[in-house]
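Asker: One structure, as structure tokens, below. Some questions next.
The values are calculated or read from the model by the stated rules, or taken from the named source; none is laboratory data. Small disclaimer: the values here were computed from a predicted structure and weren't measured. As a convention, Cβ positions derive from the backbone with ideal geometry for all residues, glycine included, and neighbour counts pool all protein chains shown. The protein model used for the area step is the full one, side chains on, heavy atoms only, and it has no ligands, DNA or RNA in it. Shrake-Rupley method; radii C 1.70, N 1.55, O 1.52, S 1.80 Å.
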Amino acid sequence: MNKLILDHNKKYLLACSFGVDSMALFHMLKSQNYNFSVAHVNYHLRDESDEEERKLRKYCLDNNIDIYVYDNKEKIKSNIEGVCREIRYNFFKNIVEENFFDEVVVAHHQDDLIETYLLQKKRGILSSWYGIKFSTLNKGIKVVRPLLRFTKKELIQYNEQNSVPYALDLSNLEDKFIRNKIRHNVIEKLKREDRENILVEIANKNRELVDIFSHLNKINLNEINNLLNLDFISFQYALNMLLKNSNLYCPMSKKTALSIKHLLLSTKPNVTLKINGDICFEKSYGYCYFISSSFSHNYRYEILDANVNPIDDKYFYFDVISKFKEREIKLDNFPLFVRNIDMNDIYKIDNFYVNLNRLVIDWKMPLLLRKIWPVVVNNKNEIIYIPRYRKDCKETQKQFFYLKNLFF
């Protein structure tokens, strides 16, 4: 019944607080002959911290298990849970990388899983997963949770039956934190049948999430029509994915999602909506995306002669010389420069002069692309070429110019 589903060929790092859960996991790992060491953080937040560290060190010594201890000297005054999490995972990451551990094991159990789910429901926010996953990545290290099928009560009983020492964190008995209220007033009073029903509900919701993400990963979320064809829940998840794809983060409330949907339904081709801080949502010619209001990509490439390599930067590939070989550029045009487009630029097409602001509008170029689009100028700063915008200007073979790493 207490058999862990782990790999005996791997080397594990156990995150151990000397509490009920992590000490039960310690004993299971040891008794089932897994290869592991212990990592402990002493935050010095409680009077008992030093004594717990001493007892854990002794237990590791008695069982011939290596232990790594981080003695935190930082005074934590606010956001205690968040700061402690950051401290310990930075510590775990260093140990894993320096000592070649495969995975970190933590002692989250079934009560934690249900508690997390009920808290998610109470807050009413979108979650990328309901409850707690068996394995996740944190700071690039794999974290596994082999106790998710065990209840807190079962772990206490296990420790008592096997004479496993542990300490109680008395702050967990207080009801001033919402998690503790759920733990003591709901989870501890659940009947077995109620507990199983909640677990089934969590599993069903996560299956629905898998289906939603599977569909969203198959479509271009930057195309407005694709977004508008989604049900509202999927629409909200799509917006979160667009934020993540843009390396941006802000809380996506239902109110914000409704505002964005209203914007997408408007007939205006170009609209910008400020979301949070410097994060904006833009709609432009059938596309949409999140962007920082301070976004820019300033560049100026100098081309001295016809032997230069193609420009290959973060956003575009441009083989300028291959394009101009057919045009037989005169030597007195060099050096050439590739720079940002300027909406005040004037470009000669045949015998007519065109304002580039007018040209990009005629091309229906999205607002974002206007910030990064290149023009080629000669040594007199006269524009001699601008790549034409097309919706299909993505990478293809034998193309002298294409866009990459964009939201479209």
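Asker: Per the Kirkwood treatment, what hydrodynamic radius in Å, one decimal, follows for the chain from the mean inverse distance over all distinct Cα pairs?
Answerer: 26.2
Asker: Tell me the Kirkwood radius of the range 239-385: reciprocal of the mean inverse pair distance over distinct alpha-carbon atoms, in Å.
Answerer: In the range 239-385 this quantity evaluates to 17.7 Å.
Asker: Oh, and also: Which ³J(HN,Hα) values, rounded to whole Hz and listed in residue order, are derived for the range 273-290 from phi using the Karplus coefficients 6.51, -1.76 and 1.60 in 6.51 cos²θ - 1.76 cosθ + 1.60 with θ = phi - 60°, glycine and proline given as x?
Answerer: 10, 6, 9, 6, x, 9, 8, 10, 10, 10, 10, 8, 6, x, 10, 8, 5, 8
Asker: With every protein chain left in place, what is the accessible area per residue of the chain in square angstrom, probe 1.4 Å? Can you show the working numbers first?
Answerer: On the way: 23290 Å² over 408 residues.
For the chain, the per-residue accessible area is 57 Å².
Asker: Another one. With the cut-off at 1.5 for a/c, could you classify the range 110-154 from its C-alpha gyration tensor as rounded, prolate or oblate?
Answerer: Values: a/c = 3.12, a/b = 1.07, b/c = 2.91.
Here the range 110-154 falls in the oblate category.
Asker: Which value at 222 nm does the chain reach when only helices count, each DSSP H run of 4 or more adding -39,500 (n - 2.57), with the total divided by all residues and rounded to the nearest 500 deg cm²/dmol?
Answerer: -11500 deg cm²/dmol
Asker: Ok, one more. Which far-off residues, 5 or more places away or on another chain, put their amide H under 5 Å from the one on Y249, with H placed in the peptide plane?
Answerer: none
Asker: Go through L45, F232, W363 and say which Cα lies farthest out towards the positive end of the charge dipole of the chain; charges sit on Cβ, +1 for Lys and Arg, -1 for Asp and Glu.
Answerer: Selected residue: W363.
Asker: Give me the lysines in straight-line cross-link reach of K254: C-alpha distance below 16 Å, same-chain residues under 8 apart excluded.
Answerer: K121, K122, K274
Asker: Restricting the count to DSSP beta bridges whose residues both fall in the chain, what percent are antiparallel, rounded to a multiple of 5?
Answerer: Given both bridge residues lie in the chain, the antiparallel proportion sits at roughly 70 percent.
Asker: Additional query: What is the percent carbon and sulfur in the accessible area of the chain, measuring with a 1.4 Å probe over the protein chains and ignoring ligands?
Answerer: Its accessible area is 48 percent carbon and sulfur atoms.
Asker: Mind checking the angle between helix 192-216 and the chain's longest principal axis? C-alpha axes, 0 to 90 degrees, to the nearest 10.
Answerer: 20
Asker: Here's a follow-up. Grab the other residues whose beta carbon is less than 9 angstrom from that of F232, score K and R as +1, D and E as -1, and report the net.
Answerer: +1
Asker: Per residue of the range 67-76, in order, report the coupling 6.51 cos²θ - 1.76 cosθ + 1.60 (Karplus, θ = phi - 60°) as ³J(HN,Hα) in whole Hz, putting x for Gly and Pro.
Answerer: 9, 10, 10, 10, 9, 6, 9, 6, 7, 9
Asker: Under 12 Å from a label point 7 Å along Cα→Cβ of K391: give me every residue in the range 201-239 with its amide N that close.
Answerer: From the range 201-239, the list is 223-226.
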